[in-house]
Each structure stands twice: as C-alpha cells, then as structure tokens.
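As structure tokens, the structure follows; a few thoughts come after it.
The values are calculated or read from the model by the stated rules, or taken from the named source; none is laboratory data. All values derive from a computational prediction rather than experimental measurement. So basically every Cβ, Gly included, is an ideal-geometry build from the backbone, and we count neighbours across all protein chains shown. Just so you know, the surface numbers come from the protein's heavy atoms only, side chains and all, with ligands and any DNA or RNA stripped out. Shrake-Rupley method; radii C 1.70, N 1.55, O 1.52, S 1.80 Å.
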Amino acid sequence: MDSATSDARTPLGASADHGFKIVVVGGFGVGKTTLVRSVSEIRPLNTEETMTQAGEAVDDIREVRGKSATTVAFDFGRITLDARNVLYLFGAPGQERFWFLWDRLFSGTLGAVVLVDTRRIGDSWYAIDRLEKHGTPFIVACNHFGGPVHPPEDVRHALDLDPHVPLVTCDARSRESGKQVLIALVQHVKNRYADHSAPADLPRQEFV
C-alpha cells in the first residue's frame, strides 16, 4: 500500500508553540506507514528497509505478499492545526522484535490509533494490551483491504474492546479517510479528559 505525497516541504511557522504527539500502532503490514504518508503535510521521515528472503523466517508475510519494505524504527509526519498548534505523527514498527520501542514512543503521547487488518485480528491484541497498561487513550481503526466487511460488534468482540473505545473504518491510502481517523481520536481524547485543561484546550477546527 502506498500514497502519493508531495515532495514540497512545508516550513513550520515560528508561532507554532503547541505540539501534540500521536502514535499509530498495529501489527505487521496493516498500513501504518501508508496512513502517516497519506495525512502528513510534509514528506514523511521513513525508516524503511528492504525485506529479504532471510526475513521470511522471522516475519509472517502470507497476508502481505506485495510488501517489499518494512519500518525498523518509526515513521514521522506532521499536520498543522492552526498557527499555534501542530500534530506530530509517529508510526511504530509492527514486528515483535521491535516492540521494545513502543513504550518509548508512547511517552508524552496525546493518544494513539491502533490500525487493524480484520484478516489478522490477533496481530492487534498486543498493541491494545500495551496501550491499556500504559494508560494511553486510543481508538481502533479497521483498515479496508478490499475483503469482506465485518460488523462492528464482531470486531469489538474479537478485540475484547471496552465499550468506551471508538471503533472506526478507514482506507489508509486516502488522506480524507486518514483525517477522519485523527479527528475521531482527538475528539475521544477531549471527551475522556473533558475535566482536564490541557486536552480540552485543543483547537476546535478540523484538519486542513
């Protein structure tokens, strides 16, 4: 999966003084890099390496046969909300051998998106477990890969999601779809911490 992103770099205005960190996590090959690429206003920083035959003994690629590269550290993108507020997006690597990086990425995070491939529901359990233990607010976004669409209640049951955790669908290749995922996350954080000043002070306007 990939998305065309402009090579033009957008400078960050000197007045931007509030940065909000969002992490995108999930299993191997669910579209995390693609989501960051599709919504970022700058050319994203990617730490992808070419997959080799040696890696086939480590990574299960049966459901991602077309995947030729994989993230080995994190992806980074940016969205300007207004003149003073910016979202920083971090896409975490999905393979188990890189999970030790996740807790560091979660530090200082406003919230997280758990990206799910419903053909491989089990790959998402660890991400949800780590976020719950870390106390990080999150939503779940089912990335559409063209297969059958499962009823939300079935997905919730399979993931054992708490009722308060939002569940949305998306196409990680689409900028508009990705924006709606981030809007859902920010709204969830605002609702969860309505009595706390910092998240409640997030700007009201939607992403540009």
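In table form, for the structure just shown:
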{"read-out": "Some residue of the range 5-14 being modelled with pLDDT under 55, closer than 19 Å to ALA92 by Cβ, hydroxyl-bearing (Ser, Thr, Tyr) and surrounded by fewer than 21 Cβ atoms within 10 Å (Cβ to Cβ)", "value": "no"}
{"read-out": "One residue from ARG78, ARG43 being open to solvent by less than 70 Å² (accessible area, probe 1.4 Å), charged (D, E, K, R), closer than 23 Å to SER174 by Cβ and at pLDDT 55 or above", "value": "ARG78"}
{"read-out": "Criterion (open to solvent by 40 Å² or more (accessible area, probe 1.4 Å) and more than 25 Å from SER40 (Cα to Cα)) met by exactly one of TYR88, TYR126", "value": "TYR126"}
{"read-out": "Yes/no for VAL114 being within 18 Å of THR34 (Cα to Cα) and either hydroxyl-bearing (Ser, Thr, Tyr) or in contact (Cβ under 8 Å) with a residue 60 or more places away in the chain (or both)", "value": "yes"}
{"read-out": "Output for the range 175-192, where each listed residue is open to solvent by less than 40 Å² (accessible area, probe 1.4 Å) and touching a helix residue (DSSP H, G or I) at 6+ places or on another chain (Cβ under 7 Å)", "value": "GLY178, LYS179, LEU182, VAL189, LYS190"}
{"read-out": "Tabulated pairs, the range 25-44, first assigned to a loop (DSSP other than H, G, I, E, B), second of a type in the set (D, E, K, R) and buried (at least 24 other Cβ atoms within 10 Å of the Cβ), C-beta under 8 angstrom, 6+ apart or interchain", "value": "PRO44/ARG37"}
{"read-out": "Residue check for ALA141: open to solvent by less than 10 Å² (accessible area, probe 1.4 Å) and either under 16 Å from the mean Cα position of the chain (by Cα) or without any contact (Cβ under 8 Å) to a residue 60 or more places away in the chain (or both)", "value": "yes"}
{"read-out": "Qualifying residue in the range 112-122 (condition: farther than 16 Å from GLY26 by Cβ, at pLDDT 90 or above and open to solvent by less than 40 Å² (accessible area, probe 1.4 Å))", "value": "no"}
{"read-out": "Within the range 162-171, tally of residues that are in a loop (DSSP other than H, G, I, E, B) and open to solvent by 50 Å² or more (accessible area, probe 1.4 Å)", "value": "3"}
